[in-house]
Amino acid sequence: MDAALSQQIAEWRERIDAIGGTLRAESQSNEALRQLSPATEAALREVGVFGLCSPTELGGVGAHPVLQTQVIAEITSHDSSAGWCALIGAHESAWLASRLPDSVAERIFADAASRWPVTCGSIAPEGEAERVDGGWMVNGRWGWASGIHHSDFVLSMSRITGQEPEPGKPPPLLCAAAPKSDVVVEDTWHTLGMRGTGSTHYRYDNVFVPDEMCLAGFERPPLRGDGWLARPTVTFLTAAGYGFPLGVARRAIEEITTQATAHTRTGQRSSIAEQQHFQADLGRCVALVEAMEGYGQHLFDELLSAPVDSLEATVQMDDRARAALRWAHQAAEDVVRTVHEHAGGPAVYSNNVLARLLRDIQTASQHVIQTQSAYIRRGQHQLGMSVRPGL
């Protein structure tokens, strides 16, 4: 890691440390509200994390992928819902900033220094878009809109009515952005974990989207921005995404270190911390987190400069990045399950941090980008098989 990147990471760590007390204090409020509390949102806006992945031309950070990982890990280690909303807002705001036409992008981001226009939404093709004068009439219902309650714009992906796909090609799709005021936000987010993220359903009910609010296709390079933002779309998602399980695992070790010293389980004469089988498991978990740190840094450094000169190279890069993200989530689950088991009775209560981390990492691991198919596809590459684009 070069000196400039190390300095950036240190500066961001100081920023996040300054809001860490707020993020931890608001964790229970986020859970109860089923969305980020106003204080949590304000803290994230204060440090400017929603512009982390966006192009510098519009006031974004244009962060190196290793910096993205570390920033999201730091936030997540204070509160996992805040970390998840930070990475989703940073990703989808970057899409808005990099793929809207020049004139509208400059207008939307004109006041970004005082209030960054946060974006959320889904790019699963669940809607229908019909061509009308000057734009599109969009209808549909989507889920998984993490951070929608504090967002300014909401994305949608729709099939275009009346257009049939060309032979051998995917159906024509439209990615549109609408102000949140034009979108119906449903109240469906009642979940096992990630309760504070507000990742609920939303609808476009006959929403008119002008042409200027339609994003350039994700299969093409962005209109502005370079570096990690110009990597293939799935690869782009993995660096900040990798910070989430890393932050969860860090917090789990921090918590069990404190709880094990303070708690003696029923029937035992010494604290959890004094038990050698716990010490061995803790040492293994610490080593696993260190491996996560090192692997992520090595991988994203390598992928940042790797050539992408063909569709096959794009597919291989995306699948390699996805497999790494899948492994990081599984490693974090291993850490959290291990320390939760050692924590004893207090950890069964829902307000115990380890209980929340267990719920959250298990829920986040259901995300489509890090499902078992990531390993299947990685294995197919290793076997020399032909692997189609996609997930």
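Summary table below
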| item | result |
| --- | --- |
| Label-point gap, in nm, between Ala216 and Glu302 - each point 7 angstrom along Cα→Cβ | 3.0 nm |
| Sites Gln380 and Glu46, calculated FRET efficiency, Cβ-Cβ separation with R0 45 Å, nearest 0.05 | 0.50 |
| The range 119-213 - percent relative contact order, Cα under 8 Å, separation 6 or more | 35 percent |
| Cβ-based exposure ranking for Phe278, Phe208, in which fewest neighbours within 10 Å come first | Phe208, Phe278 |
| For the range 3-108: rounded, prolate or oblate by the Cα gyration tensor [a/c cutoff 1.5] | oblate |
| Contour minus Cα-Cα distance for Thr56 and Ala262 (0.36 nm per residue) | 69.4 nm |
| Mean residue ellipticity (222 nm) of the chain, computed from DSSP H runs ≥ 4 via -39,500 (n - 2.57), nearest 500 | -17000 deg cm²/dmol |
| Shape box of the range 50-144 [Cα atoms, principal axes, largest first, Å] | 46, 29, 22 |
| Net length gained if the chain between Ala39 and Gln330 were fully extended (0.36 nm per residue, minus Cα distance) | 101.6 nm |
| Shape of the range 242-285, Cα gyration tensor, a/c cut at 1.5 | prolate |
| The chain: antiparallel DSSP beta bridges as a percent of all, rounded to 5 | 75 percent |
| Spin-label model distance (nm) - Thr191 vs Leu391, 7 Å beyond Cα toward Cβ | 1.3 nm |
| Value of D in µm² per second that Stokes-Einstein yields for the range 119-213, Kirkwood Rh from Cα pairs, at 10 °C (1.306 mPa s) | 115 µm²/s |
| Normalised convex hull volume, the chain, alpha-carbon set, Å³ per residue | 141 Å³ |
| Dipole of the chain, positive direction: furthest Cα of Tyr202, Gly168, Val339, with charges on the beta-carbon | Val339 |
| Label-to-label distance, nm, for residues given as Asp182 and Ser310 (7 Å Cα→Cβ offset) | 4.2 nm |
| Lys/Arg +1, Asp/Glu -1 at C-beta; the range 119-213 dipole; positive extreme among Gly193, Cys120, Met213 | Gly193 |
| Cα-based shape type of the range 201-360, given that a ≥ b ≥ c are square roots of the gyration tensor eigenvalues and the cut on a/c is 1.5 | oblate |
| Top of Ile361, Ile376, Ile272 by mean-square fluctuation, Gaussian network on the chain, Cα under 10 Å | Ile376 |
| Most mobile listed residue (Thr161, Thr266, Thr76) in the chain, GNM with C-alpha springs under 10 Å | Thr266 |
| Residue with peak Gaussian network fluctuation, the chain [Cα springs, cutoff 10 Å], from Leu23, Leu174, Leu36 | Leu174 |
| Cβ-based exposure ranking for Tyr204, Tyr349, in which fewest neighbours within 10 Å come first | Tyr349, Tyr204 |
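All of the numbers you see were taken from the coordinates with simple rules; none came from a lab. Values in this document were obtained by computation on a predicted structure and should not be read as measured data. Note that each Cβ is placed from the backbone with ideal geometry, even for glycine, and that neighbours are counted across all protein chains shown.
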